[in-house]
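The values are calculated or read from the model by the stated rules, or taken from the named source; none is laboratory data. All of these numbers come straight from a predicted model, not from anything done at the bench. Cβ coordinates were reconstructed from backbone atoms using ideal geometry, including for glycine residues, and neighbour counts include every protein chain displayed. Quick note on the areas: whole protein, heavy atoms, side chains included, nothing else; ligands and nucleic acids left out. Shrake-Rupley method; radii C 1.70, N 1.55, O 1.52, S 1.80 Å.
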Amino acid sequence: MKMATTDTLTAQELTDLRLGTLSTAVSDWKTMVGRLERLATGGDGELSAADLEKKANTADWKGVNATVSREFVTKTAAQFADAAAAAKSVLAVLRDAHDAFKQHKEDLRTAIDELGKSNIYVHGNGNVSSSVPPGAVTGGAEVRAPTDEELDAAQSRITRILWEASETDRIAARALRQLAKNEYDFTDQGPGSLKDVDRAQGKADAEYWRKEIAKGNVDDWSDEKLARFNETLEDQRDNPGFTENFATGLGADGTLQFWRDLASPPGGAVEGDKAKLLAQVQENLSMSLANASHGDSPAMEAWKKDMIAAGGKPFPVDPSMPMGPNGFQVMSSLMGKGKFDNDFLHDYGSAMLKYERDYPGDPKTAWRDSTTLSYPPSSNPNDSVAGFMDALGHNPEASLDFFNGSTGQGDDKLSNWDYLVGHDKGAREWPVGEDGKPAGFDNLGHALESATLGYPYDEKNPSIPPTKTEAQIEAREARTDLMSRVVGNYSSADVIDKQPGVSDSLARMASGHIDSLNYSAADFGGSGEVNGREARFGADKNHLADFGSTSATNFLRAVAADEDAYNTVSAAQQAYGSSVMAAQGGDEGDVKRVAMHSMTMHGILDQSRFESIGKEFGDEKEAANRELEKQGAWRDFAAGAVIGTGVGVASGVIIPAGAAAAIAVPLAFEVVGGAAETHMSNQTLDWLKENEFDNTDEALKGIDKARDVGQHNAMTPLLNYAQRSGMSDDGIWDLSEDAEEAYNKGRTRSDTKDVRGF
């Protein structure tokens, strides 16, 4: 079962919400507004407060009446106008709340109905679970249970609906309490809509916390006060009324000093429960500043410029001792979440790299500071570039633009790609972490993912960006151009090993571009121009890129050396290979051709993994055997079914569950609703940990089994097609021989003749 978040309306509460009473209140207040407006301004020939005020101002008052009575009448008349204005505000809040709750209820009902068709049940508390009907109900027909990925997506959908309903409730309730705060006076400054209410509440909260921060000693805040601040951030982090006013109220320097003081007080890093709370504050503050960065008011534009200008300025605990992290380090520690503005990221990143490259002496010392700025504390030094990479990882457009940009002057000018990603002269030397290895390459991978895939690296339910308009097609081509550079750069496992942490991102990039990698590899000896690959892969329609046959092979070989990366790309290949077969429209010859190509691709991946195991374990045959068995078990698990086709090709592929990140795998055919895609991810299966292998003979048997399972899974889509299309025994015999040849051809492409251990 998937769990909903706490402190929100439950699905049962929203479902049971009776809007009739609220609708009646809206009608009553509408009537009240009409009456008060007539009393205030007149109408229907009735006497009004405005008439009385006019008469009072034109009357010839004498003595005390000239002051006291006139003032009383005019003030009372104004109160009628204020009462009418206040009533209009109440009506606006109630009306918008009613309309919003009506939509929330409809969204929930639609979601429950649609999820029910996929055998997903929504409980009253908002949690979702699999709900497969028993055989007696289905008449014995097999019903597919939802995958973990489908359950995760369903839970996200329900949680979002309930959160939005809870936000409507919170904002409306607070507004009504504010309007009723003074029972003896009215105001003409009330909101005109729930949106106005939200902004006003955000502005008030920003001003309150600005004053609290201005008092100083934020490191002395109690846990209770810090929790209240965090609650405000969580409620208001998507509200420009709060985020822009909070940022500009503090100013750039004030924002940086605030987090520096809060994160690392005089006594050093915070520990225990408060450290966990600070991790939440850091995340919510990052998202708040990201939201604020999209503002274009003069005050917000000044904040962004001042923030960049403060990049090289130190922010110490004690101003009398000017030692501490600089502005770039503090700000980059607050860029791990949220989507920052494109232009701000471009300007900030360019200034930061210029600062690093122009730093006196060794650029590696530019970020040398031990102040704790991130929670939980990381072994990664306060490398501003690493934090900035995560900001790019959440903004695909800015990330793509940045890698195509450059920094430096004259002979020192270098593209950001060559400086950050490359390994030739002039490339950045990334700082070393506490483990003695270069740190920050996982953050670099996040930025490359967003730039090449077109969605944030940690998107829970990613989808492949559409290519319907010219602008979308241009963006697709720009992403594949950058992916071509990725393929060329990471052409060996040695290069990947020198950038620890980038491997999982490369696997997700390979999976997201598995279509272009297949297309590229189908060009032996330059035959791609005349062998029909354009039509078979739908190159024009799917806007595929040719990375070069050799480059594609080398890249896949390098990526597949890592076990988790191999698992990810292998599943993507199986999904894509099945879909290419389906896209041929049932033509037996074309189905066989693309199937053989997919077999070759599997052979490339499998051989690379075999070699990696051999190199890693040497003569430790038992360990090598376990790794191969693990691979075989995973592939066996993956040989299931989710891709439905109309031509009898394998029902599809079950993607392993329990993933840290999802990938949108491009498929080669379209279904109703647009481009088909499957969300997939990788996991390591440890089911063999209880198995023991005591001698070489059994180890060799295990290796043989792993190879058998790998070959079996590569063949699954092809055999399903053959059987469902009624192919003869002789035909399947010939098909199998061709498949074996294609598979071994792929292994040969990937074989470096450097296998040790078996």
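The table that follows gives values for the structure above.
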{"item": "Simple label model, 7 Å out from Cα along Cβ direction - SER725 to LYS225, nm", "result": "7.4 nm"}
{"item": "Carbon and sulfur %, accessible surface of segment 458-603 computed with the full protein complex present, 1.4 Å", "result": "46 percent"}
{"item": "Rounded percent of accessible protein surface that carbon and sulfur make up, segment 184-303, 1.4 Å probe", "result": "47 percent"}
{"item": "Packing-based ranking, highest mean first, of 216-223, 109-116, 144-151 given that Cβ atoms within 10 Å are counted", "result": "144-151, 109-116, 216-223"}
{"item": "Probe 1.4 Å, protein heavy atoms only - accessible area per residue of segment 414-508 in square angstrom", "result": "44 Å²"}
{"item": "Heavy-atom accessible area order for VAL591, VAL317, largest first, 1.4 Å probe", "result": "VAL317, VAL591"}
{"item": "Whole-number percent relative contact order across segment 383-464, with pairs defined as alpha carbons under 8 Å at least 6 apart", "result": "39 percent"}
{"item": "Hypothetical label at ASP734: residues of segment 579-594 whose amide nitrogen lies under 14 Å (7 Å Cα-Cβ projection)", "result": "588-590, 592-593"}
{"item": "Spacing of the two label points (7 Å from each Cα toward its C-beta) at LYS276 and ALA309, in nm", "result": "4.3 nm"}
{"item": "Highest average packing first - 322-330, 494-502, Cβ atoms within 10 Å", "result": "322-330, 494-502"}
{"item": "Solvent exposure of segment 249-320 as accessible area per residue, Å², 1.4 Å probe", "result": "41 Å²"}
{"item": "Sparsely packed GluC sites (Glu not before Pro) within segment 378-470, loop by DSSP, other Cβ within 10 Å at most 10", "result": "GLU429, GLU434"}
{"item": "Segment 244-360 shape via C-alpha gyration tensor axes, a/c threshold 1.5", "result": "oblate"}
{"item": "Modelled FRET efficiency - R0 41 Å, ASP253 with ARG18, Cβ distances, 0.05 increments", "result": "0.20"}
{"item": "Share of carbon and sulfur in the accessible heavy-atom surface of segment 329-370 [1.4 Å probe, %]", "result": "46 percent"}
{"item": "FRET efficiency, VAL530 to ASN744 (Cβ-Cβ, R0 25 Å, nearest 0.05)", "result": "0.50"}
{"item": "With all protein chains modelled, accessible area of LEU453 [1.4 Å, Å²]", "result": "10 Å²"}
{"item": "Fully extended contour minus Cα-Cα distance, from LYS541 to ASN461, at 0.36 nm per residue", "result": "26.4 nm"}
{"item": "Segment 251-294 - Rg and Dmax from Cα coordinates, angstrom", "result": "11.5, 36"}
